[in-house]
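Single-structure report; data block below.
The values are calculated or read from the model by the stated rules, or taken from the named source; none is laboratory data. Every value quoted in this text rests on a predicted model; they were computed, and no experiment measured them. All Cβ positions, even for glycine, are placed from backbone atoms using ideal geometry, and neighbour counts span all protein chains on display. With ligands, DNA and RNA removed, areas are computed over all heavy atoms of the protein, side chains included. Shrake-Rupley method; radii C 1.70, N 1.55, O 1.52, S 1.80 Å.
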Amino acid sequence: MRTQVVIIGAGPAGLMLGKLLELSGIDNIILERRSAEYVLGRIRAGVLEQGAIDLLDAAGVGARMHREGLMHTGVELSFDGELHRIDFGDRKVMVYGQTEVTRDLMEARGAQTIYGAEDVAVYDCNDDRARVAYRHEGAAHEIECDFIAGCDGFHGVSRATVQPSDITTYERVYPFGWLGVLVEQPPVADELVYAHHERGFALCSMRSRTRSRYYVQVPITEKVEDWSDDRFWDELRARLNPDTAAALKTGPSIEKSIAPLRSFVAEPLRHGRLFLAGDAAHIVPPTGAKGLNLAMHDVKTLAEALTGFYRQGSEAGIDGYSERALKRIWLAERFSWWMTSLLHTFPETGTFGRRIQRAEFDYLTHSEVAQRSFAENYCGLSD
Ligand code: RFL
Ligand code: PHB
C-alpha cells in the first residue's frame, strides 16, 4: 500500500489532521490501535478556545458544536470559600466535550481509518520514503508514504522510535491527580468554578445543561475503588464556597477515573519524515484546559506546512513546523503550570507557599490588568 501521509492515532489531533489534509487533496490513512467505540468512550477535555472553534468550522464539522456547545464569557474562582468571577471581556470559550469533537470528526471522515491496528512500527524516517508496518486482524501490512504524523498520544510509538540522542524532553510530574466524576445532573453554576481549598483543588465543569463533570485533587497513590459516590460528593462540597456547595445536585456517577498531572515537552517535533503533534509531543496539566486546544493548533500548523509542500513545492512550512508549534506549546505550558500552582495544594510549600498563593489570588481578583492577562491566556493567545 502507498499513501502520501500516514497518521498514527485517531484522537482529536489525528482526526483533525486527516480532515484538513483531505480538504487540501492530500491522501492519508489513519492507523488507530483501539476500536472507534473505545476512542469515543474516553471522557476527557471540555473547553474549546476560539482558535479550536474556528478550526472545526474551517474543517466543515462545526455545525453540531454551534447548536449544542455552551458559550462562556467568564469563570468563577473560589479561594478558601471566597468566590470571585473573572470576566473574559470580549473573549469567550465554548464548552463542548472532546468526545463530541471526536465523534463529529469521525463522522466527517472520507478517507480510510484502520481501527484495531496492532504493533504499529515506524521505519526509514530519514530516507527518501518512510514506511509504517502494522498488523490488522492477524495479517501483517506495510504502507509506504512521504510523511508520518505521530498523533498517538503520550504513550504512543512515534516519539519512542526517535533515537534518545535526537530528542530533548522537559518534564514535571505532579504528586497528585484529578479524580473526575461524570453525572447526569444540571451543572451547579452557569460557568466553570475552579476552587482552591486547604483540602485541595476542585473543579465544577459541565458537558451540557443536563450533564456535569466534577473533579477533586487527590494524591496520585489514591485508588478509584476507594471513592464511593458519597465520599466524592462530600469531599467536593467541603472544598467549594458555601453557596455553590449548597446548590450542588448529585446523583450516581456514570464515569469515575483518576488522571495524573504532568507537564512535558519533547523537542524538536520533526525527525526527518516524522512529525509529532498533540499529546505525543507535549502534555499540560488539565488546569488551564489547554491540551486539546494545543493539539488542534499543532495540526493546523502541520496541515498548512504539508499543504505548502504538496501545493507550492515549498519546504519552508515543514522546516519551520517544530519551531512555530513549540512557541505556542511553551506559552501554554507556562499558563497551565501557573494555574496549577495557584489552585492546588502542594504539601512541600508550607505556610509561606500558601500565603503566596493567597496573594496571587488577591492580585488576580483585584487587578483589571491581571484579569485581562488571565482571559487572554485562558481563552487562547492569538497566533
Ligand atoms: P489522544 O487523545 O491521546 O489520542 C491519541 C490516539 O492515539 C492512539 N494510539 C495509537 N494508535 C496506533 N498505534 C499506537 N501504538 C498507538 N498508541 C496510541 C490512542 O488510542 C488514541 O486514540 O491524543 P491527541 O489526539 O493528541 O489529543 C490530545 C487530547 O486528548 C488531550 O490533550 C486532552 O484531552 C487534554 N485535556 C484537556 N484539554 C483541553 O484542551 N481542555 C480540557 O478541558 C481538557 N481537560 C484533558 C482534560 C485531559 C484529561 N485527561 C484524562 C488526561 C481533562 C482530563 C481529565
Ligand atoms: C472538563 O470539563 O473536563 C475540564 C474543564 C476545564 C478544565 C479541565 C477539564 O480546566
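Below is a table of values for the structure above.
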read-out: Cα long-axis angle, helix 98-108 against the chain (0 to 90 degrees, to the nearest 10); value: 30
read-out: Quarter of the Cα convex hull surface for the stretch 210-289, i.e. its orientation-mean projected area (nm²); value: 7.8
read-out: Debye, to nearest 20: dipole size of the stretch 21-180, +1 on Lys, Arg Cβ, -1 on Asp, Glu Cβ; value: 400
read-out: Of D90, D230, D27, the one that fluctuates the most in a GNM where the chain has Cα springs shorter than 10 Å; value: D90
read-out: Highest-fluctuation residue, G11, G150, G60 considered, GNM on the chain with Cα pairs under 10 Å; value: G60
read-out: Percent accessible area from carbon and sulfur atoms, the chain, protein chains only, probe 1.4 Å; value: 49
read-out: In Å², nearest 10: area of S341 left accessible to a 1.4 Å probe; value: 40
read-out: Assigned charges on the beta-carbon of Lys, Arg, Asp, Glu; the chain dipole about Cα centre (debye); value: 360
read-out: Environment charge of R85, counting only residues whose C-beta is closer than 9 Å and scoring Lys/Arg +1, Asp/Glu -1; value: -3
read-out: Antiparallel DSSP beta bridges within the chain, percent to nearest 5; value: 75
read-out: Residues of the stretch 46-70 with amide N under 11 Å of the 7 Å Cα→Cβ point at R211; value: none
read-out: Solvent-accessible heavy-atom area per residue, rounded to whole Å², over the stretch 1-103 at 1.4 Å; value: 38
read-out: DSSP-loop GluC sites (Glu not before Pro) across the stretch 190-260, with at most 12 other Cβ within 10 angstrom; value: E198
read-out: Share of alpha-carbon pairs per 10 Å distance bin for the chain, given as whole %; value: 5, 23, 32, 24, 12, 4, 0
read-out: In degrees, nearest ten, helix 368-379 long axis to first principal axis of the chain (Cα); value: 40
read-out: Of the trypsin sites (Lys or Arg not before Pro) in the stretch 226-277, those whose Cβ has at most 15 other Cβ within 10 Å and which sit in DSSP loop; value: K249
read-out: 3J(HN,Hα) from dihedral phi, the stretch 147-162, Karplus parametrisation 6.51/-1.76/1.60, rounded to Hz, x for glycine, proline; value: 9, 10, 10, x, 10, 9, x, 4, 9, x, 8, 4, 5, 5, 7, 6
read-out: Neighbour net charge for Y310 - beta-carbon separation under 12 angstrom, K R +1, D E -1; value: -3
read-out: Cα-based helix-to-principal-axis angle, 291-312 vs the chain, degrees rounded to 10; value: 20
read-out: Debye, to nearest 20: dipole size of the stretch 176-270, +1 on Lys, Arg Cβ, -1 on Asp, Glu Cβ; value: 280
read-out: Selection from Y38, P12, A375, by position along the positive dipole direction of the chain (Cβ); value: A375
read-out: Charge dipole of the stretch 96-198 about the Cα centre (unit charges at C-beta), most positive-ward option of L105, T169, H141; value: T169
read-out: Chain lengthening between I167 and H84 when straightened (0.36 nm per residue, less Cα-Cα); value: 25.6 nm
